[in-house]
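What follows is a single structure, written as structure tokens, with notes after it.
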Amino acid sequence: MTRPSPIVAPSILAADFARLADEVHVVEGEADWLHIDVMDNHFVPNLTIGLPVVQSLRPVTQLPFDVHLMIDEPRRWAPAYADAGAYNVTFHVEASENPVALAKDLRAAGAKAGLAIDRDTPIEPYLELLPSFDTLLVMTIKAGFGGQRFLPDLLEKVRKVRTARESGHLELRIEVDGGIAADTIEQAAEAGADAFVAGTAVYGADDPAAAIRHLRSLATGAGARP
């Protein structure tokens, strides 16, 4: 398959929660997706936003919602995010007893289906599941908190997914989440990633829109290298 054009997905985990609608508007026109981290204080030791906030944000923007569920029992909750208008709903393999069945549920509900792999989870047992998914999200930190340092050793998982995608001729986005910034995005793109979650690198910048353009330019250049 032809390598997809890079996607930059600002994470509102790094935004000002008191003015989320305004923070979404700040990245409109430049962001490809809006990344929304949902944490339940069970699967990960942090509590963030949930379904009501996603439902409230949906009418205020046309940006595709890239929802990342760091929650227990994703089969119980994930389809509701598709019903709420999420473009892509990603859940963790570590929390799911039947990932393929949930992927079918999400697609039936009108969303793309994503599978997330946490820092300490090996990728190899799940490569055979890739044809059932639209996105494979590789955590380049430990799931649960923003602002952590990028772990380059985890890009080996990205390389293995890229090889599997190419050998299987799969239509699959390879997404990375954690510590993505101007000094790390090229490494991730060279490894094979084509969707990049950026929190502080965007929302901590003086000009978030310019930061997105810069990240996309770096990813595009690195992804074109042989």
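The values are calculated or read from the model by the stated rules, or taken from the named source; none is laboratory data. Since the structure is predicted, the reported quantities are computational estimates derived from the model, not experimental observations. Note: ideal-geometry Cβ built from the backbone for every residue, glycine included; neighbour counts use all protein chains shown.
Yes or no, residue by residue, for (1) in contact (Cβ under 8 Å) with a residue 12 or more places away in the chain; (2) touching a Phe, Trp or Tyr at 6+ places or on another chain (Cβ under 6 Å); (3) of a type in the set (F, W, Y); (4) surrounded by fewer than 20 Cβ atoms within 10 Å (Cβ to Cβ):
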site	(1), (2), (3), (4)
P45	yes, no, no, yes
V60	yes, no, no, yes
D66	yes, yes, no, no
M70	yes, yes, no, no
P74	yes, yes, no, no
T90	yes, no, no, no
K104	yes, no, no, yes
D120	yes, no, no, yes
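When M39 is tested against the conditions (1) in a loop (DSSP other than H, G, I, E, B); (2) at pLDDT below 95, the lone failure is (1).
Taken over segment 1-15, the criterion of being touching a residue at least 60 places away in the same chain (Cβ under 8 Å) and exposed (fewer than 14 other Cβ atoms within 10 Å of the Cβ) is satisfied by M1, P4, S5. Going residue by residue through segment 103-113, is there one that turns out to be part of a loop (DSSP other than H, G, I, E, B), among the aliphatic types (A, V, I, L, M), at negative phi and more than 17 Å from the chain's Cα centre (by Cα)? Scanning segment 103-113 turns up at least one residue that is part of a loop (DSSP other than H, G, I, E, B), among the aliphatic types (A, V, I, L, M), at negative phi and more than 17 Å from the chain's Cα centre (by Cα).
For segment 25-39, which positions are over 22 Å from V161 (Cβ atoms) and either surrounded by fewer than 19 Cβ atoms within 10 Å (Cβ to Cβ) or touching a residue at least 60 places away in the same chain (Cβ under 8 Å) (or both)? Passing the criteria: H25, V26, V27, E28, G29, E30, A31, M39.
Name the residue, out of L102, L51, L106, L34, that is under 18 Å from G178 (Cβ atoms), of a type in the set (A, V, I, L, M) and modelled with pLDDT of 95 or more. One residue alone meets the criteria, L34. Restricting attention to segment 45-82, the residues that are of a type in the set (D, E, K, R) and either touching a helix residue (DSSP H, G or I) at 6+ places or on another chain (Cβ under 9 Å) or within 15 Å of L115 (Cα to Cα) (or both) total 4.
Within segment 42-83, count every residue that is within 19 Å of L102 (Cα to Cα) and hydrophobic (A, V, I, L, M, F, W, C). Of the residues in that region, 11 qualify.
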